[in-house]
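Visitor: This is the structure I want to talk about, given as structure tokens.
None of the figures in this text is laboratory data; all of them are computed from the coordinates on show. Because the structure is predicted, anything quoted here is derived from the model rather than measured. Here Cβ is always computed from backbone atoms with ideal geometry, including for glycine, and neighbour counts include all displayed protein chains.
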Amino acid sequence: MFALFQTALVAILSYAALVAAVWALIDAARTPGQAFVTAGKQSKTLWLVLTGIASAMLIAFAPYPFGTGVGVLNFLGIAAAAAAIVYHVNVKPAVAPYRNIRGPKGGNSGPSRGGW
């Protein structure tokens, strides 16, 4: 009974880390490169490489039907999960104010008309 609980817990942690890493990769890809430089958080290329490697490792370490079955609880899995966590906790909030560097929503940079 305890072994089943332990296996389920490792599977849940592994899939949660995988989702966080893929989400970090997508978010880093969608964020303009200038936002990272302006926020002082290394470069977009570095974060794309880190989150990409983390995603690939966590896909490989996913539980049996999808990966090798190792799970996230090994040295490389913990390092990959830590990279995703650092992105979400430290980098993503820092670059959030600089996301719309290209201009206002809708892409219209001309004079605004109407409204209040």
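Visitor: Find the Rg to Rh ratio for region 18-98, where Rh is the Kirkwood radius over alpha-carbon pairs and Rg uses the same atoms.
Guide: On the way: Rg = 13.1 Å, Rh = 12.7 Å.
Answer for region 18-98: 1.03.
Visitor: Measure off 7 Å from each Cα along the Cα-to-Cβ vector at A56 and A94, then give the distance between these two points in nanometres to one decimal.
Guide: Label-label distance for A56 and A94, simple model: 2.5 nm.
Visitor: Further, regarding this structure: Quote the relative contact order of the chain in percent (integer), defining contacts as alpha-carbon pairs under 8 Å separated by 6+ residues. Each step should come with its number before you reach the end.
Guide: Details: 123 pairs, mean separation 34.9, N = 116.
Relative contact order, the chain: 30 percent.
Visitor: Round to the nearest 10 and give me the degree value, 0 to 90, for the angle of helix 2-30's Cα axis relative to the longest principal axis of the chain.
Guide: With rounding to tens, the tilt is 20 degrees.
Visitor: Mind checking the log10 I(q)/I(0) for region 1-46 at q = 0.22, 0.27, 0.31 Å⁻¹? Debye, one equal scatterer per Cα, no solvent, two decimals.
Guide: Reported log10 I(q)/I(0), two decimals: -0.74, -0.90, -1.00.
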